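Note sheet for the following structure.
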Amino acid sequence: MVAGNRVLGRISVLIGAAGATRAGYAALRKRPPGGTVRWERKNHAGRSVHLHAGLATTAGTALAAATAPGLPARARTAAALAVLAAGGCGAYDDVCGAGDPRRGFRAHLSALRNKEVTSGAVKLFGIGAAGLAAGALLEERPADKLLAGVVIAGTAHLVNLLDVRPGRAAGAVLAIGAPGLLRRGPAGPLSAAPMGAAAAVIGDDLGERTMLGDAGAHALGAALGVAIVTGNGRRGLAAHAAGLIAVAAAGDRVSRAAAAAI
């Protein structure tokens, strides 16, 4: 009976996240904030797409995580904080960084050295701070808080690195989140939330009608990071943090490999 309730709980979070995301997506298509042009972009193939999926998945994931049954209050708060902050910082970069060719940590840190605060730098430090704050809510010991923050921010960055072709980032969210569904405790429903949101828009993403953008990719990744943190002890956190730091250091190569993958 307990196992059955656990499965039903995860399914309810998946469906709830998908439903909320689709509702938000429909509303944004009807009345995009600031007008349609603000959210239109050219994708890798030169086709016009919109960024509504990013805002919709941010809202759907945050709502599903915050209302998932059986979660401790600190886990709910950490998930909502990480997702909304990551999505908000990503949306800021989507809008204010449009047309800026600079990409990656080095480019934005170089601009900072020249006393220029880019939208990418705001996103970098904003998501990093939100990750640390969420990690502090989830863990007790200082070292664990730091590792948790690295995992949350690093996973957000990882998913964004993969958002280079239609369906790449959303598919990665489904693949990375799937093992978490099998875990006991908060990790299960916290994995279900971004998976449901990603599943709700992956068809439109693959059909090149929309794209996640920085908002959606970072929000979904941050949610996965919170799920990973709640499902691991210190050794697991350290292993994940080390891997994510290595991925961040090889960011350009990771994005090129994702773009080249079939």
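The values are calculated or read from the model by the stated rules, or taken from the named source; none is laboratory data. A quick note: this is a predicted structure, and the numbers were derived from the prediction, not measured. Here the Cβ is made from the backbone with ideal geometry for all residues, glycine too, and neighbour counts use every protein chain on show. Remember, those area values only see protein heavy atoms, side chains included, never the ligands or the DNA or RNA. Shrake-Rupley method; radii C 1.70, N 1.55, O 1.52, S 1.80 Å.
Miscellaneous remarks
- Screening region 40-58 for residues that are open to solvent by less than 20 Å² (accessible area, probe 1.4 Å) and hydrophobic (A, V, I, L, M, F, W, C) and picking the one that is farthest from the chain's Cα centre (by Cα) gives Val49.
- Inside region 77-102, residues that are open to solvent by 10 Å² or more (accessible area, probe 1.4 Å) and among the hydrophobic types (A, V, I, L, M, F, W, C) make up a count of 9.
- Meets criteria (open to solvent by 80 Å² or more (accessible area, probe 1.4 Å), among the charged types (D, E, K, R) and closer than 23 Å to Leu124 by Cβ) for Arg74: no
- Of the residues making up region 231-262, those that are assigned to a loop (DSSP other than H, G, I, E, B) and either hydroxyl-bearing (Ser, Thr, Tyr) or under 12 Å from Leu162 (Cβ atoms) (or both) number 1.
- Test for Arg10: is it in contact with a Leu (Cβ under 9 Å, 6 or more places away or on another chain), over 21 Å from Glu208 (Cβ atoms), surrounded by 16 or more Cβ atoms within 10 Å (Cβ to Cβ) and basic (Lys, Arg): yes
- Positions within region 154-168 being crowded, with 23+ Cβ neighbours inside 10 Å and of a type outside the set (A, V, I, L, M, F, W, C), in sequence order: Gly154, Thr155, His157, Asn160, Asp163, Pro166
- For region 230-257, taking the residues that are buried (at least 18 other Cβ atoms within 10 Å of the Cβ), of a type in the set (A, V, I, L, M) and out of contact with any Gly (no Cβ under 7 Å at 6 or more places or on another chain), the one that is nearest to Leu158 (Cα to Cα) is identified as Val254.
- In region 191-217, of all residues being assigned to a helix (DSSP H, G or I) and not small (Gly, Ala, Ser), the one that is surrounded by the fewest Cβ atoms within 10 Å (Cβ to Cβ) corresponds to Leu206.
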